[in-house]
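Okay, so here's the structure we're looking at.
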Amino acid sequence: MKKLWLSVLLVALLVLTISPPAVLAKSDGPRQVNATDVQIVKKVTLHGPAAKGGKTVPTAASGILGDLLSNNAKKYAIVIGINDYPGTGSDLQYTVADAHEMSYVLTTTYGFSAGNVHELTNTNATKTAIYEAIRAVKQSAGPGDEVVFFFSGHGAKGKADDDDKNNVDQAIVVQEVVQGTLQFAFIWDGELVQWFSDFKAKRIVFVFDSCLAGGMAVLKAPDRVVCMASTINSMSLEGAAWGGGHGQFTYYFAEEGMEMTKADVRPKDNQVTVEEAFDYAKANCKSQTPTIADGFKNDLLP
C-alpha cells in the first residue's frame, strides 16, 4: 500500500504538470487577468484500494458552537465540479460526483434550498458562469445569511496580475469559451478575494478539493472558514475507492463526515460543524495534507 501511494505521487509530480497559456476573460464577464509561468497541477486519480477511514483527531474543532443562523436567515451555495477539461489528457473522473455530493449534503443535512444552490459542472463551469453565479449570490445574500463556495478540480500556480502581492499565485482551473473554442481558464486567488470582498453576508464557507489548495487561505476573514484539501505545494487525490468515486477529501469531509455524521465527536450532538468535518477528513486523508484557515469564532454549524 505504501509503495502504491508513493508511486502515485511520484508520477504526479514528474508527469502531471503542464504549462498552458494564460486565458483572457470575456469582455462582459470578469476582467482580464494576465499571467505568466502558468502550470496546471493535476489532481491525481488513484487506481487501487485506499486505506479505510473512521478515525478523527480534533485539531480545528473547539467543541463550542459559535453563533447560529437566525430562523429567517437564507443559505446560498456555489458548487463546482469539473471532470471534462479541454482535450483529453486533463480529464478527471470523480469531481462532478464531488459536486453532487456537496449539493446533496447542503440540501438534505443543512437545510439549503435547492433553488439557492448554483451547481456548475463540466462545460457549464466556465469562468464567466462562475463569476455570474457569485455575483447573483452577492446580490441576494444579505447580512445574517450564509454562503458556501465549493470547488473540485485541478489547481494551478503562476504569476498573475490579480491585485495581490504574492510572488507566486494559486488558482482553481476552470474553462472559458475563447473565439468559439473551449480553453483552460484560471480563477486566481486574488480574483476570488476581490469577488468576495464586498459581500453583505459575512458568514462564508470555502471548500477546495484541488492541488495547491492551501494557497486559498488568503480568503480567510472574520466569520469565514476556508477548508483546503492540500497544502500550498502539494497534491490532491481522487479514486473509486472512496465511496465508489470521489475526491479523497470530499469523501471524508462531506459524505462520511457530514452525511453519515461520522465527524460528530466534539461534542457528540447529532450535528456536524465545518470544523468537525475538517478534522475528520484530515485524520483520514492519506498522502495529502488538508489545511484550514478559520476566522469564525468557535465552531460553525452551516
Completion exercise
Debye calc, one equal point scatterer per Cα of region 2-294, no solvent, log10 I(q)/I(0) at q = 0.08, 0.14, 0.16 1/Å comes to -0.30, -0.99, -1.32
Fill in the blank from the handout: Given backbone amide H placed at 1.01 Å from N, residues whose amide H is under 5 Å from that of residue 41, ignoring those fewer than 5 places away on the same chain, are 155, 156, 157
Handout entry: Packing-based order for 277-287, 247-257, using average beta carbon neighbours within 10 Å, highest first
Key = 247-257, 277-287
Completion exercise
Quick calc, the chain, dipole around Cα centre from Cβ unit charges on Lys, Arg (+) and Asp, Glu (-), nearest 20 debye, gives 480
Handout entry: For the chain, built as a Gaussian network whose Cα springs stay under 10 Å, the top-fluctuating residue of 124, 270, 83
Key = 270
Exercise for the section: Report, largest value first, the span of the C-alpha coordinates of region 165-261 along each principal axis, in whole Å. Expected result: 39, 37, 26
Completion exercise
Residue-normalised 222 nm signal for the chain, counting each DSSP H run of n ≥ 4 as -39,500 (n - 2.57), nearest 500 deg cm²/dmol, is -6000 deg cm²/dmol
Problem - Pairwise label distance in nanometres, residue 100 with residue 181, each label 7 Å out on the Cα-Cβ vector - result: 3.2
Completion exercise
Spelling it out for residue 33: with amide H atoms placed in the peptide plane at 1.01 Å from N, the residues 5 or more places away or on another chain with amide H under 5 Å from its amide H are 25
Practice task
Would you work out if region 116-175 is rounded, prolate or oblate? Take a ≥ b ≥ c from the square roots of the eigenvalues of the alpha-carbon gyration tensor; rounded if a/c is under 1.5, else prolate when a/b is larger than b/c, oblate otherwise.
Solution key: oblate
Exercise for the section: Take every Cα pair under 8 Å in the chain that's 6+ residues apart, average their separations, divide by the length, and report that relative contact order as a whole percent. Expected result: 24
Exercise for the section: Give the calculated FRET efficiency between residue 67 and residue 124 to the nearest 0.05, with a Förster radius of 30 Å applied to their Cβ-Cβ distance. Expected result: 0.30
Fill in the blank from the handout: With the charge dipole of the chain built from beta-carbon charges (+1 for Lys and Arg, -1 for Asp and Glu) about the Cα centre, the Cα from 194, 236, 79 projecting farthest to the positive end belongs to 236
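Since every read-out is calculated from the coordinates, none of them should be taken as a lab result. Just so you know, these numbers come straight off a predicted model, no measurement behind them. Note that each Cβ is placed from the backbone with ideal geometry, even for glycine, and that neighbours are counted across all protein chains shown.
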